[in-house]
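Quick notes on the structure that follows.
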Amino acid sequence: MGKNILLYDEDKQFSRLMSSVLEGRGHKVLKADPEDSSGILRHEDLDLIILAGPLKETDQITWLSNLRAQGNSAKVILVAQDQAHFDTLKPKVTADLSVSLMVHKPLIPYIFGAQVDNQFDGDKSEAAKQKMKDFETMFLALVTKYARVLPSRIAELSQAIEKAKGNPNDAELIAEVQGLAHKIKGTGGSLGFRQVSDHMDFIEEAAMALPHKSQEEKLIAWAELDRKLVEAQLAGDTECQEINQAVSSSDSKQQVPNNPAMTRILVVDSDSDFLDIIHELGKQRLVDIIRATSSKDAIEKAVVYALDAALINVTEEHPDESFRLARDLRELPGFENLPLAFISGQPLVKNRVEAAHAGASLYLDKPLESDVLEKAVQHLVNIRQGGRPRILICDDDEFFCNTMALVLRNEGMIVRIINDPSQILETMQEYPPELLLLDVMMPGITGFEVCRMLRQIPRWQDLPIIFLTGQVGVEARLEAFRSGGDDYLPKPVVNEELLTRVKVRLDRARMLKDRSDKDMTTGLLLRRAFSEQLSAILAEAQRLKTTFTICLLDVDHFKKVNDSYGHLAGDKVLAGLGQLLSRRFRVDDLRGRWGGEEFILAFKRETLSTMHLAVHRVLDEFTKMKFTGDKGEEFSVSFSGGIAEYPKDGESVFELVQVSDRRLYLAKKRGRNQIVLDDAEAPEEPEEKHE
């Protein structure tokens, strides 16, 4: 939720820039009158004051003392004019002034915006601070790298302009000027080189207009282009110097990897030597290993970091603690579908059953080799559902892509980059994205043409596509929608706007998919969606010669529950069982509502005996759950089930469901509250099957 922020700075350019950054993050920015510093004190309901000074009527320390003397407890960020001013102020900032953050100019806008947001974040753990510091370090490294190459980019543009002036009727040379200016505008503006970006915007627009001008008008236009280029070079020198000064005085000094890890795995083990080994293996495979030495440490890290999976050591002394941690992780908001793997030096059958019940997709043996880790990570990431969204960025400007990727990854998204649009279909086959960020101006093919091609492929007809373009005219916007795009973002991209638009599109796409695939009461797959995914499991098992099992469940005496406790109580039972099934088993297992009080499960690569024990554990949990009737009565319920295995019990979905249904019927005949995996007959209980 946005906060009320009062911004005081007599530098109008800085004030406008910071206002746009903070408002883009959803905050309300109030601007103080530079002629009346005491007027700041009259504002009420402030969550934060950014005091940049210098104040005309007093100094910042005196002003802060008066603020606290009046009982105002608003958070304050103190902005010094430069490093020397910062060094002068710092000893004067005592504890009773309660300054939340001290920084000095020059500031990098996006970094400062993140620091402001961090003031309102209730999580002040060391893991949260480290995450923020890691992000600052990576962003600053990217800005510094661009500051080094910016002069050469502007020089390249200068050469292109000279060539175009020598051949004023050559459309390709003019297009090259436009394209180079477009790239510098988009990337430079997104990384904080605002003045350079503004000059490039003028050059790009002027180049686009050149073909439509008379000879005399072209001479004037070229003169304007030359003037703007000189201004851009001067602005670039100034901004690069300011950026380098900001970076050199930053606290973020640690080395940054050139390729930030795409995959983040939580590894839990009390053995620090083993964690060191896993960390090194992770670095070799570009996997970000989040280390935790205890269950408490693991939960704290999981709250802070967006995770792709968790790898938990099963200790010989207390194996139950490891399985309990797995269940606790899956209870955290957003981690319902977190893929889990266990590692153990003692691969006991009992532990494997417990692991399946806790939701383990893999059970690995120590010692863990590099190739085993790589295959395990790949498997866990492939089965990740409903977790970190997958974003694909297609843009021929590598710096721009890296900037967007860093911002999105910091929000927990998985990002893949391609700079060649001809590779997009091949990439999307291997890495199916949930959203595509698509540049308009690319060599050989436009983003509009790429979008039209994707919309002709059934699989990608509903994929959210956001265009990235420096062309913001009406015709360009209309063309974006005519080609099948969902939205567009003007370059240079405001990072806060990027995040907002991406999140809105992702949320809407997932909501529509859930509405069509999920049952509203239980949250599980509907029969149609379940059948489609079960057919895919069957095809995989046939191709790889593997096995899988399915299990039909039916709530016992459900009609009596409705008659005795009310239909609302019946819905609570169905919802409770749906939630329990969602939290148990593995992410790549299927869970569905087959109809009425019947549920269906499918377990990849598992046999009858293993899953019989795992489902029975869930039955034990379910029978201990307490439900409340419409009149406040407390009651418990059980369920019955039948399991079938491919290919032993059938080679088609129809045959397997038939066998499971028959064994479910036998479970009812045998007295209910059990899971049956054979066809042995028993005396029939004098009640209907689905009662």
- Scanning the stretch 543-572 for residues that are acidic (Asp, Glu) and not in a helix (DSSP H, G or I), which turns out farthest from Tyr665 (Cα to Cα)? Asp556
- Query: Taking the stretch 573-597, which residues are surrounded by fewer than 19 Cβ atoms within 10 Å (Cβ to Cβ) and in a helix (DSSP H, G or I)?
  - Reply: Ala575, Gly576, Gln579, Leu580, Ser582, Arg583
- Restricting to the stretch 618-641, what's the tally of residues that are touching a residue at least 40 places away in the same chain (Cβ under 8 Å) and charged (D, E, K, R)? 4
- Would you mention how many residues in the stretch 152-195 are modelled with pLDDT under 85, assigned to a helix (DSSP H, G or I) and closer than 19 Å to Met404 by Cβ? 11
- Message: If I go through the stretch 309-331 residue by residue, how many of them are out of contact with any strand residue (DSSP E or B) (no Cβ under 9 Å at 6 or more places or on another chain), at pLDDT 80 or above and not basic (Lys, Arg)?
- Response: 3
- Message: Tally up the residues in the stretch 417-475 that are of a type in the set (A, V, I, L, M, F, W, C), more than 21 Å from the chain's Cα centre (by Cα) and in a loop (DSSP other than H, G, I, E, B), please.
- Response: 6
- Message: Taking the criterion of being in contact with a His (Cβ under 9 Å, 6 or more places away or on another chain), under 30 Å from Ile108 (Cα atoms) and not assigned by TED's automatic domain parsing to the domain that holds Leu468, would at least one residue in the stretch 173-182 satisfy it?
- Response: yes
- Task: Examine the stretch 219-242 for a residue that is among the acidic types (Asp, Glu) and modelled with pLDDT under 80, and state whether such a residue exists.
- Result: yes
- Specify which of the listed residues (Gly447, Gly473) is in the same structural domain as Leu506 (by TED's automatic domain parsing) and surrounded by fewer than 17 Cβ atoms within 10 Å (Cβ to Cβ). Gly473
- Task: Run down Ala306, Ala261, Ala302 and say which single residue is among the small types (Gly, Ala, Ser) and at pLDDT 80 or above.
- Result: Ala302
- Message: Whether any residue in the stretch 563-572 is more than 30 Å from Ile465 (Cβ to Cβ) and buried (at least 22 other Cβ atoms within 10 Å of the Cβ) is what I want to check.
- Response: yes
- Message: One residue is enough: does the stretch 452-464 have a residue meeting the conditions without any contact (Cβ under 8 Å) to a residue 40 or more places away in the chain, touching a strand residue (DSSP E or B) at 6+ places or on another chain (Cβ under 9 Å) and either more than 30 Å from Ser582 (Cα to Cα) or in the same structural domain as Glu606 (by TED's automatic domain parsing) (or both)?
- Response: yes
- Only listed residue being buried (at least 17 other Cβ atoms within 10 Å of the Cβ), of a type outside the set (A, V, I, L, M) and closer than 20 Å to Val143 by Cβ, chosen from Lys228, Lys183: Lys183
- Query: Tally time: how many residues in the stretch 397-420 are out of contact with any strand residue (DSSP E or B) (no Cβ under 6 Å at 6 or more places or on another chain) and in contact (Cβ under 8 Å) with a residue 60 or more places away in the chain?
  - Reply: 10
- For the stretch 517-528, does any single residue satisfy the condition of being surrounded by 15 or more Cβ atoms within 10 Å (Cβ to Cβ), assigned to a helix (DSSP H, G or I), at pLDDT below 90 and of a type in the set (Gly, Ala, Ser)? no
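The values are calculated or read from the model by the stated rules, or taken from the named source; none is laboratory data. Treat the numbers as computed from the prediction; the structure is a model and nothing was measured. Virtual Cβ from ideal backbone geometry, glycine too; neighbours counted across all protein chains shown.
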